[in-house]
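*Asks:* I have a structure I would like to understand better, so I am pasting it below and will then ask my questions one at a time.
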Amino acid sequence: MGVTFTPDEGSVLYRLLAENSTDIILKTDCAGNLLHGLPTMSRLGLLPPAQSGARHLRDLVDPVCEETVLGAHREALDGHGEDNWIEFLARSRGQRKRWFAIRTRRIVDAEDCVCGGISIVRSLEERRSFEEKLFAAAMTDPLTGLTNRSAFVSMLQHLVEQDVDGCLAMFDIDHFKAINMRYGHSAGDEVLVAFADLMRALTREADIISRTGGESFGVLLPRTALSECERICREIVVTLSESSGAAGDGGLKITVSGGLAAIAESLDDTIRRAELALAMAKARGRNRLQLDPGAPALH
């Protein structure tokens, strides 16, 4: 059996539902003018119409999304797309950009004529925050906090496509498997974290550091001359060797081998040159930096 309400009862029920919801409920006329907005707007970062000066639906929407939202409103009042959620960037308090979704149903009067719409506006902050965290997790090495190989390859590809000069350095911790076998995997993890922290300290803000494999790391040094890249990377090799050797004969001696190559015309060629230089560093005794043999000689 259906339940009917008087206009006053319906108004009370509407307010009760709206004021106890995390959604924003708006009432508009056919032209999109705001007839009613609730305090929930303020709780979600949007100023209520009385405080913001908003008199129309467009006053709540960032200009870049205005036509999309107003077009969806018109369609809903025409009886189309009433079940569609439309995502939009909102005008909000402060400088922070906030994303919302809106869905509108039309209102008809006693003569079955459309007289406006009721819209539900829902914050997307939690969902977008969750999506951003998932994206960050997919691109981050959980042990070191550095970007992972997937992110590293994507960023190198971007530099190649944009024809950005600079260098790629690749490092391998020397005899890492032996460290794990002798001291245990926990000690191996500590070595990886310590080396990641050392690279953060010795590189610049614009440089991009990634853990690309078990004991392997990559550093992108964009818009930097080969000589400066060599200086930075050589300092990493020397500093690690000297700091780990300071512990004495009983300490854990950690060294790293590195290969350095200029960013080439393709992703594969850039990586191949850096890997070749790294292999040469290992073949020549490890604990050293080797430049790409095809690079111009530095004086």
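*Asks:* Multiply the residue separation of E242 and D163 by 0.36 nm, subtract the distance between their alpha-carbon atoms, and state the gained length in nm to one decimal.
*Replies:* Computed gain between E242 and D163 is 24.8 nm.
*Asks:* Scan around I107 for amide H atoms under 5 Å from its own, H built in the peptide plane at 1.01 Å from N, and keep only partners 5 or more places away or cross-chain.
*Replies:* Those lying under 5 Å, H to H, from I107 are C115, G116, G117, I118.
*Asks:* Next question. Using the Karplus equation 6.51 cos²θ - 1.76 cosθ + 1.60 (θ = phi - 60°), what ³J(HN,Hα) coupling, rounded to whole Hz, does each residue of the stretch 234-243 give in order, writing x for Gly and Pro?
*Replies:* 5, 5, 4, 4, 5, 4, 4, 4, 6, 6
*Asks:* If amide hydrogens are placed 1.01 Å from N in the peptide plane, which non-local residues have theirs closer than 5 Å to the one on D174?
*Replies:* Long-range HN contacts for D174: T255, V256, S257.
*Asks:* Would you kindly derive the ³J(HN,Hα) couplings of the stretch 179-184 from the backbone phi angles with the Karplus curve 6.51 cos²θ - 1.76 cosθ + 1.60 (θ = phi - 60°), listing them in order in whole Hz, with x for Gly and Pro?
*Replies:* In residue order, the calculated couplings are 4, 4, 5, 7, 10, x Hz.
*Asks:* Calculate the FRET efficiency for H80 and V108 from the Cβ-Cβ distance with a Förster distance of 22 Å, rounded to the nearest 0.05.
*Replies:* The formula returns an efficiency of 0.90 here.
*Asks:* Let me ask you something else. Using a Förster distance of 41 angstrom, determine the FRET efficiency expected from the C-beta separation of R231 and K97, and round it to 0.05.
*Replies:* The calculated FRET efficiency here is 0.55.
*Asks:* List the residues whose amide H sits under 5 Å from the amide H of A264, counting only those 5 or more places along or on another chain, with H placed 1.01 Å from N in the peptide plane.
*Replies:* Residues meeting the criterion, in which the H sits 1.01 Å from N, are T270.
*Asks:* Same structure again: Within a Cβ distance under 15 Å of T68, other residues only, what is the Lys/Arg minus Asp/Glu net charge?
*Replies:* That sum, taken over residues with Cβ under 15 Å, equals -1.
*Asks:* On to the next question. Leaving ligands and nucleic acids out of the surface, order T239, T28 by accessible area at 1.4 Å, largest first.
*Replies:* T239, T28
*Asks:* Regarding the stretch 161-292, what are the three Cα extents along the principal axes, ordered largest first, in Å?
*Replies:* Cα extents, longest axis first: 47, 25, 24 Å.
*Asks:* Now for a separate question. Using the Karplus equation 6.51 cos²θ - 1.76 cosθ + 1.60 (θ = phi - 60°), what ³J(HN,Hα) coupling, rounded to whole Hz, does each residue of the stretch 73-83 give in order, writing x for Gly and Pro?
*Replies:* 5, 5, 5, 5, 5, 7, x, 10, x, 5, 9
The values are calculated or read from the model by the stated rules, or taken from the named source; none is laboratory data. Note that the coordinates shown come from a computational prediction; the quantities given were computed from them, not determined experimentally. Cβ atoms come from the backbone with ideal geometry, glycine included; neighbour counts cover every protein chain shown. These accessible areas exclude ligands, DNA and RNA; they are computed on the full protein's heavy atoms, side chains included. Shrake-Rupley method; radii C 1.70, N 1.55, O 1.52, S 1.80 Å.
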